[in-house]
Structure formats: structure tokens, C-alpha cells
Amino acid sequence: MQLEIRPDPAEVGRARRWARSRLAGAGIGADEPLAETLILLVSELVTNAVVHTGCPAVLRLSLPGADATGEVTVRLEVADRSDRAPVPRCVGGEATGGRGLALVDGLADRWGWSTEGTGKRIWCELDRCGRASGAARASCGSGVVTYDGLAYGAV
């Protein structure tokens with residue numbers, strides 16, 4: 001399933017609402033850590049596409065069926081028409097931005113990017129109740145992740 005994203009910051013909220021409704025349809029509760037983390041990742045990747053490319057994008061979600069049991073993987077992709085590679089940045093403690101890819105790295109079980117036609121696709125995967133990796137740690141049920149001493153929650 002996919003959602004077309006216009007190069008407008010208001011699209012970030014629309015993308016979060018769309019993702020929440022798709023998660024509910026797949027039987028993933030809004031209060032599950034997987035859902036909260038996925039919504040934060042949607043925010044980060046869609047924001048990056050909207051702010052840094054100025055191009056339309058496509059948000060794709062690959063979700064398990066509502067009857068899936070055991071460990072399942074959710075895949076999130078954002079494809080855009082910009083050929084600019086995603087560049088993680090090192091920012092100071094006072095900066096109000098620039099941590100998006102670091103959060104993706106810390107929250108996703110796996111992530112990467114590839115060229116796609118004249119643009120690129122950034123993807124990440126989450127395992128249901130999988131362990132957090134990197135500098136971020138999230139316990140199942142908490143909904144709050146810390147990164148570099150700052151607390152983040154999905155909204």
C-alpha cells in the first residue's frame with residue numbers, strides 16, 4: 001500500500017494519520033511499541049523527503065496480515081525524485097534539527113537506501129517487539145526512546 005506525498009510540510013501529519021490507519025487494519029494496536037516507533041520513523045523519513053528534496057514522494061508500507069502470529073516485520077519506504085543521497089549529520093546539542101537519520105539508525109532494526117530511476121528510495125524495517133539497536137533503546141510498552149540523552153516519543 002502506498003500514499004503519494006506532495007512537497008508540503010503539512011503532508012507529514014497526513015502521512016502519520018495514513019500509517020496509523022493502515023497499522024490498525026493490520027491488527028497492530030496504536031499503543032504497541034512497534035506502532036509508536038513506526039509512526040516516528042514515518043515522520044522522520046517523510047519530513048526528510050519534503051524538506052530536503054522539494055519533490056513529490058511516495059510512502060509505502062508493507063504490513064503483515066491481521067492474523068499474523070509470532071515475530072513479523074514491517075517495512076517502510078519513502079521514494080522521491082531527488083538524486084541527492086541521504087547524508088547523516090552531526091549536530092550540536094542546541095540544534096533543533098539534523099537528527100533524523102540518526103534516529104532512523106537507532107530505531108530501525110535495519111535500514112538503507114538505493115537509487116531508483118532518477119531518484120532514490122530510503123527504507124527501514126522493524127520487527128514486532130524486536131530489540132532496538134544502536135544508541136537508541138526502547139522497551140516494549142514504553143513508547144519513549146532516548147537518543148543522545150534526549151527523549152523522543154511518537155505523536
**Fill in**
Only one of Val104, Val87, Val58 is at pLDDT 90 or above and either touching a helix residue (DSSP H, G or I) at 6+ places or on another chain (Cβ under 8 Å) or assigned to a strand (DSSP E or B) (or both), namely Val58
**Request:** Give just the number: which of (1) modelled with pLDDT under 85; (2) part of a helix (DSSP H, G or I); (3) among the small types (Gly, Ala, Ser) does Ala49 not satisfy?
**Result:** (1)
**First in the stretch 37-48 and open to solvent by 10 Å² or more (accessible area, probe 1.4 Å), second anywhere and aromatic (Phe, Trp, Tyr) and outside any helix (DSSP H, G or I), Cβ under 8 Å, 6 or more apart** = Leu40/Tyr152
**Asked** Right, Ser114: open to solvent by less than 40 Å² (accessible area, probe 1.4 Å) and at pLDDT below 95 or not?
**Response** no
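The values are calculated or read from the model by the stated rules, or taken from the named source; none is laboratory data. Everything numeric here is computed off the predicted structure, so don't read it as measured data. Note that each Cβ is placed from the backbone with ideal geometry, even for glycine, and that neighbours are counted across all protein chains shown. Heavy atoms of the whole protein, side chains included, go into the accessibility calculation; ligands, DNA and RNA do not. Shrake-Rupley method; radii C 1.70, N 1.55, O 1.52, S 1.80 Å.
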